[in-house]
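Since every read-out is calculated from the coordinates, none of them should be taken as a lab result. What you see is a predicted model; the values in this text were computed from it and never measured. Counting neighbours? That spans all protein chains shown, and the Cβs are built from the backbone with ideal geometry, glycine included.
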Protein chains: 2
Amino acid sequence: MKAKVHVTLKPGVLDPQGKAVHHALESLGFAGIGGVRQGKYIELDVAETDPAKAKVQVEEMCKKLLANTVIENFAIDLEG
Amino acid sequence: MKAKVHVTLKPGVLDPQGKAVHHALESLGFAGIGGVRQGKYIELDVAETDPAKAKVQVEEMCKKLLANTVIENFAIDLEG
């Protein structure tokens, strides 16, 4: 079963990486960009075939390693 | 209009960051993980309201800055 995890900064948390990308895009001549936020995208293959159990397992992974839940949110999509 | 961009390594390109995450998850006791690939997730607010034009603009941003098209693929989702 494939798990797709998005880890994004919580609203209100400063995002210097996003700011740098925003600035770089403007330097390249792209206009009309309101804001840029950058997060992480992680694809995992898990052996667990029960979607409910797989979700619990991946949530645990997010809390323990993939996301810093003080400043980041995570979202999990399961496929197959 | 909000654009969500996923930048992922092309299949076959080595992903040391994903390998490190995989290894760390195993060290934490998570079993049955087949593979981990890590990519980037970028959210942009663009002023353009026409979806077709916004897509062209964001594609241009991906090719010029956000993705290294030699080793990375990108996917764009537009919202509202």
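In region A:8-21, how many are at the interface with another protein chain (Cβ under 8 Å from one of its Cβ atoms) and hydrophobic (A, V, I, L, M, F, W, C)?
The initial filter retains those residues of region A:8-21 that are at the interface with another protein chain (Cβ under 8 Å from one of its Cβ atoms), namely A:8, A:18, A:21.
Still in the running and hydrophobic (A, V, I, L, M, F, W, C): A:21.
Looking only at that region, the number is 1.
What number of residues within region B:22-69 satisfy the criterion of being within 7 Å of another protein chain (Cβ to nearest Cβ), of a type in the set (Val, Ile, Thr) and over 15 Å from the mean Cα position of the chain (by Cα)?
2
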